[in-house]
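Quick notes on the structure that follows.
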């Protein structure tokens with residue numbers, strides 16, 4: 001059965017456009033006013049859409065927060081994957097292979113205070129459901145960075161724990177550094193922070209070179 005169209009666009013296309021507008025509004029409202037102050041009415045006003053249109057796409061304001069949170073993290077992962085993929089396989093230096101990916105994450109999330117606020121501040125303490133979702137996303141990042149380490153330095157991956165402990169520690173450092181950098185006035189240059197994060201990664205690599213934590 002063919003879809004109905006309005007003004008030359010299908011219902012699905014119109015809903016997709018409204019979804020994108022609500023997501024942009026969530027980024028602006030939750031990322032500046034905060035989730036507690038970001039009412040459905042405020043989001044609808046920012047999107048230029050109605051409450052009826054909001055509830056056609058989201059069951060609650062909490063669902064919109066989760067959707068915005070997932071969008072931020074998905075775009076960050078895509079940026080990191082693209083950055084890692086842009087490095088020539090012939091590059092042997094681990095630091096040179098890793099740095100573009102770390103910089104890509106930092107630029108995707110920390111460079112926009114709204115994204116950082118939603119990704120690491122506004123989701124905290126909202127509800128048990130959101131907290132479970134946040135912890136799940138953090139675990140996904142740990143798994144993601146662990147897998148990246150296996151790919152970049154396979155010769156150092158011989159451990160029953162993989163890179164899980166190092167990855168978990170790095171995710172915590174990356175999160176806190178980005179949070180601090182977003183709110184700091186004055187703040188160090190972005191490259192200074194990325195270099196500091198690279199120092200943490202390289203300390204893990206040096207440690208793995210001299211110690212087998214799986215023994």
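The values are calculated or read from the model by the stated rules, or taken from the named source; none is laboratory data. The model shown is predicted, which means the values in this text are computed figures rather than measured ones. Glycine also receives a Cβ, built like all others from the backbone with ideal geometry; neighbour counts cover every protein chain displayed.
Observations on the model:
- Within the range 153-170, being at pLDDT below 75 and in a helix (DSSP H, G or I) holds for 154, 155, 156.
- Applying the set (1) touching a residue at least 24 places away in the same chain (Cβ under 8 Å); (2) surrounded by 15 or more Cβ atoms within 10 Å (Cβ to Cβ); (3) outside any loop (DSSP other than H, G, I, E, B) to residue 42 leaves exactly one unmet item: (1).
- Exclusive hit being surrounded by fewer than 18 Cβ atoms within 10 Å (Cβ to Cβ), without any contact (Cβ under 8 Å) to a residue 40 or more places away in the chain and under 23 Å from residue 140 (Cβ atoms), set 67, 74: 74
- Residue 81 vs. criteria surrounded by fewer than 19 Cβ atoms within 10 Å (Cβ to Cβ) and free of Cβ contacts under 8 Å to residues at least 40 places away in the same chain: yes
- Only one of the numbered conditions (1) part of a helix (DSSP H, G or I); (2) surrounded by fewer than 16 Cβ atoms within 10 Å (Cβ to Cβ); (3) not assigned by TED's automatic domain parsing to the domain that holds residue 133 is not met by residue 18, and that is (2).
- Reported count of residues in the range 90-132, each being modelled with pLDDT under 85, touching a helix residue (DSSP H, G or I) at 6+ places or on another chain (Cβ under 9 Å) and outside any helix (DSSP H, G or I), is 2.
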